[in-house]
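The values are calculated or read from the model by the stated rules, or taken from the named source; none is laboratory data. All values derive from a computational prediction rather than experimental measurement. Every residue, glycine as well, gets a Cβ built from its backbone with ideal geometry; the counts of neighbours run over all protein chains shown.
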Ligand code: DX5
Ligand code: ZN
């Protein structure tokens, strides 16, 4: 069963509780939280305070995507705020193994992310340690960008390595996912689809989620 993780980046921040409850009622599986620092990516978004305030409003796992430099420094704060899954970029983590171990030491799920231009090989040594691999299908920083389809072979590669080695990580795709592109991702081996604008830019969130699920 494919999971849908609506990204609240595209939601109405002045009505965050209502937005989250709507996607939860509409069949979302995770709430995807995009944390940006204005350094690693050219945008500033959500910090631990927001994560803490949305935590009691939903039963869904909070999937926290850290697009920040020096993620080690903030892992504990996001755990305390209520994150269930924390993903860090390979590009921001020179000591990736240490960072993944740090996340796991708090008993939350640890994921690694790579940008569209970063090769799958760069995370091969860490695959046995992670609970989730997040593959960016846009350059991180903004919602509403177009899906970069040259990432599709990378999804296949990560899925092939999972099968060959009996690994159990989930493969999550982030960026430009909609009812047209979702099927390409799941056919290549994806299990979790992040969808920001495809869900929150539609009046009826349940219908938006249903349409993505049905398109697969
Ligand atoms: C991009 C973020 C994405 C973004 C996806 O940097 O990581 O999660 O919110 O938005 P859409 O689905 O609109 O491409
Ligand atoms: Zn994201």
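A few notes on this one:
- In region 1-26, residue surrounded by the most Cβ atoms within 10 Å (Cβ to Cβ) [restricted to those that are within 14 Å of residue 61 (Cβ to Cβ) and more than 13 Å from ligand 2 (Cβ to nearest atom)]: 23
- Unmet requirement for residue 59, which otherwise passes all of (1) within 23 Å of residue 195 (Cβ to Cβ); (2) under 16 Å from the mean Cα position of the chain (by Cα): (2)
- Yes/no for residue 133 being in a helix (DSSP H, G or I) and either touching a residue at least 40 places away in the same chain (Cβ under 8 Å) or within 16 Å of ligand 2 (Cβ to nearest atom) (or both): no
- Matching residues, region 190-214, being crowded, with 20+ Cβ neighbours inside 10 Å and more than 14 Å from residue 147 (Cβ to Cβ): 192, 199, 200, 205, 208, 209
- Counted residues, region 39-59 - those being out of contact with any helix residue (DSSP H, G or I) (no Cβ under 7 Å at 6 or more places or on another chain) and within 13 Å of ligand 1 (Cβ to nearest atom): 5
- Selected residue [touching a residue at least 40 places away in the same chain (Cβ under 8 Å), within 20 Å of residue 193 (Cβ to Cβ) and either within 16 Å of ligand 2 (Cβ to nearest atom) or surrounded by 15 or more Cβ atoms within 10 Å (Cβ to Cβ) (or both)] from 64, 112, 33: 33
- No other residue among 105, 150 is within 18 Å of residue 181 (Cα to Cα), over 14 Å from the mean Cα position of the chain (by Cα) and at pLDDT 95 or above apart from 150.
- Qualifying residue in region 165-172 (condition: modelled with pLDDT of 95 or more, crowded, with 19+ Cβ neighbours inside 10 Å and within 14 Å of ligand 1 (Cβ to nearest atom)): yes
- Failed condition for residue 140, given (1) surrounded by fewer than 20 Cβ atoms within 10 Å (Cβ to Cβ); (2) in contact (Cβ under 8 Å) with a residue 12 or more places away in the chain: (1)
- Yes/no for residue 52 being modelled with pLDDT of 95 or more, away from ligand 2 (no atom under 15 Å from the Cβ) and buried (at least 22 other Cβ atoms within 10 Å of the Cβ): no
- Meets criteria (surrounded by fewer than 16 Cβ atoms within 10 Å (Cβ to Cβ), more than 16 Å from ligand 2 (Cβ to nearest atom) and farther than 20 Å from residue 39 by Cβ) for residue 159: no
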